[in-house]
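Colleague: My questions will all concern the structure given below.
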């Protein structure tokens, strides 16, 4: 009760953002998660640089993710914290490089879903009427499709079509990145549905607010209203759901890569690493580190992202699921 | 009346879904009849494609498909040519349903109590530990937990059979692996629902009236608190019942899940569209059931 | 959950059969299953795999080697009781060749007069050189004497299928007919897709007295690790398929007495798309071939004791020794590459090595690809990218020549060099490289017109020299080593032969010595199982 009183007294002075930040700071798991994620990102970025700087040394050689060696299937040891795999490659290094891919796909995919979802929902909510009806019906239809079928078809079709473009065919870098691009688009394309619904809901409730009415009375065009009033207010909801979409896309990418449909060799993501580990489950030799190490990193990252998202949601006091 | 209208909407919705899926799978590269050991003459493949009308324009093939559908004929599987789509579904669906129901039972049986405890003991250690566990369950994918369970319980300590679906002992690990994620989700949703209802005005009013704490919780709060879970149960059941590809593959369970993925990969057009329709139908029916349950549980909800 | 009574023998057979219609099956798992249900004029011997009398008890071959006269047994009946006569044999062969059946294996029968024309729709069934002379005699006329014709007769595509049933039910007759008439040792007890195929002994089979097991279950499991785990826990008896080999564990597994290795006719190789630059230049192809250390691949990746291959036809092929191919010579490789215009790999265009994702998640193709990539990079300075595709897309791309380099394998259909070398004849559906060489075509054609063993060998050797030494539209990597696993104290009747054929009716579980008169009665006909491969 007393805390609330203290908050109330600063009500006039504090912006909503400051209040949210204070609430967030009190959420210990969310704070820890932010540190964890920041640390992870730092390591992921620093690792390739470190390898480059130490290039040529035996340490760097042993830890280059592509480097095949004769030390196959070593359990975790001081030289190889996460052990080695079938080709003698250092698993820690592969996990860190794989993190780049997994997180990149997660964030960009979430951004793609954000762009599509926000536009879709905002248009549906602000234009209303028949357009709203049609747009939301399409969302309903898409919701009823088993997404995996859609994803498989999308990935294979897009993959082949994109490869035919001459620019892609003859550029070595673009060619490698095609797969990534397809995943960005494909995964984003299946994740925007909830975002669209939520944004539409927000827009609808905002439209009937007094300040929007006032704006309209003053003669502002619908586009202007959209841009200046609605979208900024939708922002908080969007950010929260963005943070929660990232882990779900990272998970989905891992799932697809586990099936062999996502990241293709020689690139690796957490999903492909875990998939390699699963193939090694047998009663003869238990190479547990091949699953446990990438799996633990994946789970920790997802946990951290979820805590962060939960924390943001609590801080901004956003309701609804 | 409302529900009848929703049911009526189902037909055009399914038609649209069938058209969308049909178009999508035909767009993808690769065809069902390419083999490693190809026929000596390419003419043979053409004959095969002609036999299944794959050489006709897509709209014509689609009309033919819909025509057959009207007679309840979902067509032959293009990959397993001795079987019809209906055959395969009839064989695999009961298995996936059994697995799905067991997983559902696990998810509810673990998730509801966990959600309840974390809500009722909010802020205390039970909440911290329980919420963490629930979130952890959501973050461990099936393809990580399943192999670990196998490693532990069938290889390291040989307590259970390693795969297949022959005896009740086979039905212990797969539902746990499949249901774990959902148990976490259910726990989190139920906790949120409970927290929301416990704050509501009519609860404070009831409390003021002096009703016993426990009775209060059980009768009023839970009925409303379970709404988000009920709402989620629809899509959750649809996913569970159509089989989880990962779990069924890892445990070698002869369910339908494998076909969802493999039919799209094999370019088995009829199978893919058939399964998409099955999934969509299940989802729509389950969502209707969920809305119905909503109506029963929350007296404020009225459909017109 | 189904509670079937337990089977006598449970076998993990790799993938789910796409069909059990003998005329259209092409995959090994399908063929293994179907061979237990339908039989042809000849059948494979369980120990050697060579053709021995099946539905036909004897035959005569005309002096010029072109006319085969088969005499059917007089006591043949379908599992449903109707008699099997020469008409049924003719019907079955014609059906396999009929354009409407769209059989992928029909080409094996092209040695029969007018068969190819009929299959191409250019003539009608009556013109085909297959006829029933009387109810128990079938006369087959070939274009040329063909040494392996009897082996072709033992293949499922030539087995006898029930005319009445097929005419009544059309496609899908295998599952539509209850009961299903079969001509072979086993009836179809149950077929649940993705679950199991259960075969039940057919008591009306002419050799039913020697059918060793009553119920055999075939499980469609594609994951090598699952198969291994199920075997180690005793849930299955036999695991047999080249894709079910857990390569990483072979150094431990091969020491066990229940793991058996044997060489069989199969080659793992790479295909070039010779219509794309720079692979139209044989020097570039040879350079890439010479830069591969095949021994390293079989030692580090496959580990089953496979033989590195310099030629395409496997070493154990009957009556044939391959000519010399190209070995491992990085220096020569660099030289050739420089001659072709890419010294040190400079300016080498961006090329992709295509391979398929294996069904069970096994990574063997990926592992080999990674090693190859490293070798080309280290030895030639050439950076070839890897491209993994799912199976159906991979097959289509290969068929349409939308690739640069691709992995491939080929398993021999019978024990003769022709089953390998005929692939690369111009325009053959299994060529898939765009390569065409008139001299090669001529040599293969000539070799198939004669029966003199030495003369044939010479012609084939000349052809293979063009293939693996001069032109190299393909790079052979290694010859498959068959590995199957079963406990020889519990299972008998599985003999490992070079054509990898294991007739189901010879397989039995070994019961304790005091039981089963059946064991003693057949003991004289089925020699004790041995651990080591039979020649």
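Colleague: Counting only residues that are assigned to a loop (DSSP other than H, G, I, E, B), within 14 Å of chain B (Cβ to nearest Cβ) and buried (at least 22 other Cβ atoms within 10 Å of the Cβ), how many does region C:20-71 have?
Modeller: 8
Colleague: On to the next question. Would you check which residues across region C:269-281 are modelled with pLDDT under 95 and not in a loop (DSSP other than H, G, I, E, B) and list them?
Modeller: Residues satisfying the conditions do not exist here.
Colleague: How many residues does region C:191-206 hold that are modelled with pLDDT of 95 or more, part of a loop (DSSP other than H, G, I, E, B) and within 25 Å of the chain's Cα centre (by Cα)?
Modeller: Of the residues in that region, 0 qualify.
Colleague: Here's something else I'd like to know. Residues of region C:371-392 being under 27 Å from residue B:43 (Cβ atoms) and in contact with a helix residue (DSSP H, G or I) (Cβ under 6 Å, 6 or more places away or on another chain), which ones?
Modeller: C:390, the sole residue that qualifies.
Colleague: Every residue in region B:26-74 that is buried (at least 20 other Cβ atoms within 10 Å of the Cβ) and over 21 Å from residue C:399 (Cβ atoms), please.
Modeller: Matches in region B:26-74: B:65, B:74.
Colleague: Now a separate question. For the list (1) in contact with a helix residue (DSSP H, G or I) (Cβ under 6 Å, 6 or more places away or on another chain); (2) assigned to a helix (DSSP H, G or I); (3) at the interface with another protein chain (Cβ under 9 Å from one of its Cβ atoms), I need the number of the one condition that residue B:279 fails.
Modeller: It is condition (1) that residue B:279 fails.
Colleague: Still on this structure: Quick check: anything in region B:235-246 more than 10 Å from chain C (Cβ to nearest Cβ), more than 28 Å from residue B:5 (Cα to Cα), in contact with a helix residue (DSSP H, G or I) (Cβ under 9 Å, 6 or more places away or on another chain) and assigned to a helix (DSSP H, G or I)?
Modeller: Yes; the residues of region B:235-246 include at least one that is more than 10 Å from chain C (Cβ to nearest Cβ), more than 28 Å from residue B:5 (Cα to Cα), in contact with a helix residue (DSSP H, G or I) (Cβ under 9 Å, 6 or more places away or on another chain) and assigned to a helix (DSSP H, G or I).
Colleague: Let me ask another. For region C:213-238, which residues satisfy the criterion of being within 13 Å of chain B (Cβ to nearest Cβ), in contact with a helix residue (DSSP H, G or I) (Cβ under 7 Å, 6 or more places away or on another chain), under 25 Å from residue C:37 (Cα atoms) and not in a loop (DSSP other than H, G, I, E, B)?
Modeller: Once the filter is applied, which keeps residues that are within 13 Å of chain B (Cβ to nearest Cβ), in contact with a helix residue (DSSP H, G or I) (Cβ under 7 Å, 6 or more places away or on another chain), under 25 Å from residue C:37 (Cα atoms) and not in a loop (DSSP other than H, G, I, E, B), region C:213-238 yields only C:227.
Colleague: Let me ask something else. Can you pull out every residue in region C:469-490 that is touching a strand residue (DSSP E or B) at 6+ places or on another chain (Cβ under 6 Å) and closer than 27 Å to residue C:291 by Cα?
Modeller: C:473, C:474, C:475, C:476, C:477, C:478, C:479, C:480, C:481, C:482
Colleague: Sort out which residues of region B:152-163 are part of a helix (DSSP H, G or I) and either more than 10 Å from chain C (Cβ to nearest Cβ) or touching a residue at least 12 places away in the same chain (Cβ under 8 Å) (or both), and write them in order of number.
Modeller: Result: B:152, B:153, B:154, B:156.
Colleague: Could you tell me whether residue C:110 is part of a helix (DSSP H, G or I) and within 12 Å of another protein chain (Cβ to nearest Cβ)?
Modeller: yes
Colleague: Mind checking whether some residue in region C:366-379 is away from every other protein chain (no Cβ under 14 Å) and touching a residue at least 12 places away in the same chain (Cβ under 8 Å)?
Modeller: Within region C:366-379 (the criterion being away from every other protein chain (no Cβ under 14 Å) and touching a residue at least 12 places away in the same chain (Cβ under 8 Å)), the answer is yes, since at least one residue qualifies.
Colleague: Taking region A:274-293 as the search range and keeping residues that are facing chain B (nearest Cβ under 9 Å) and outside any loop (DSSP other than H, G, I, E, B), which one is surrounded by the fewest Cβ atoms within 10 Å (Cβ to Cβ)?
Modeller: A:292
Colleague: Mind telling me which of the residues C:52, C:67 ends up being more than 20 Å from the chain's Cα centre (by Cα) and closer than 18 Å to residue C:137 by Cα?
Modeller: On inspection, the qualifying residue turns out to be C:67.
Colleague: Right, another one. Which members of region C:248-260 meet the condition of being surrounded by fewer than 20 Cβ atoms within 10 Å (Cβ to Cβ), touching a residue at least 24 places away in the same chain (Cβ under 8 Å) and outside any loop (DSSP other than H, G, I, E, B)?
Modeller: C:250, C:251
Colleague: Separate question: So, residue A:137, is that one surrounded by fewer than 21 Cβ atoms within 10 Å (Cβ to Cβ) and modelled with pLDDT of 80 or more or not?
Modeller: Here the answer is yes, as residue A:137 does meet what is asked.
Colleague: Moving on. Sort out which residues of region A:1-58 are surrounded by fewer than 11 Cβ atoms within 10 Å (Cβ to Cβ), in a loop (DSSP other than H, G, I, E, B) and modelled with pLDDT under 70, and write them in order of number.
Modeller: A:1, A:11, A:12, A:13, A:15
Colleague: Going by the structure shown, is residue C:147 in contact with a strand residue (DSSP E or B) (Cβ under 6 Å, 6 or more places away or on another chain), within 20 Å of residue C:63 (Cβ to Cβ) and not in a helix (DSSP H, G or I)?
Modeller: no
Colleague: Taking the conditions exactly as written (in contact (Cβ under 8 Å) with a residue 24 or more places away in the chain, within 14 Å of chain B (Cβ to nearest Cβ) and closer than 30 Å to residue C:498 by Cα), does residue C:360 satisfy them or not?
Modeller: The answer is yes for residue C:360.
Colleague: Residue check, residue B:98 against (1) within 17 Å of residue B:178 (Cβ to Cβ); (2) away from chain A (no Cβ under 14 Å); (3) in a loop (DSSP other than H, G, I, E, B), all met but one. Which one?
Modeller: Evaluating residue B:98 over (1) within 17 Å of residue B:178 (Cβ to Cβ); (2) away from chain A (no Cβ under 14 Å); (3) in a loop (DSSP other than H, G, I, E, B) leaves (3) as the failure.
Colleague: Take the residues of region C:389-421 that are without any contact (Cβ under 8 Å) to a residue 24 or more places away in the chain and assigned to a helix (DSSP H, G or I): which is surrounded by the fewest Cβ atoms within 10 Å (Cβ to Cβ)?
Modeller: Top of the filtered list is C:396.
The values are calculated or read from the model by the stated rules, or taken from the named source; none is laboratory data. Please read these numbers as outputs of a predicted model, since none were measured by experiment. When we count neighbours, we look across all protein chains shown, and the Cβ atoms used for this are built from the backbone with ideal geometry, even at glycine.
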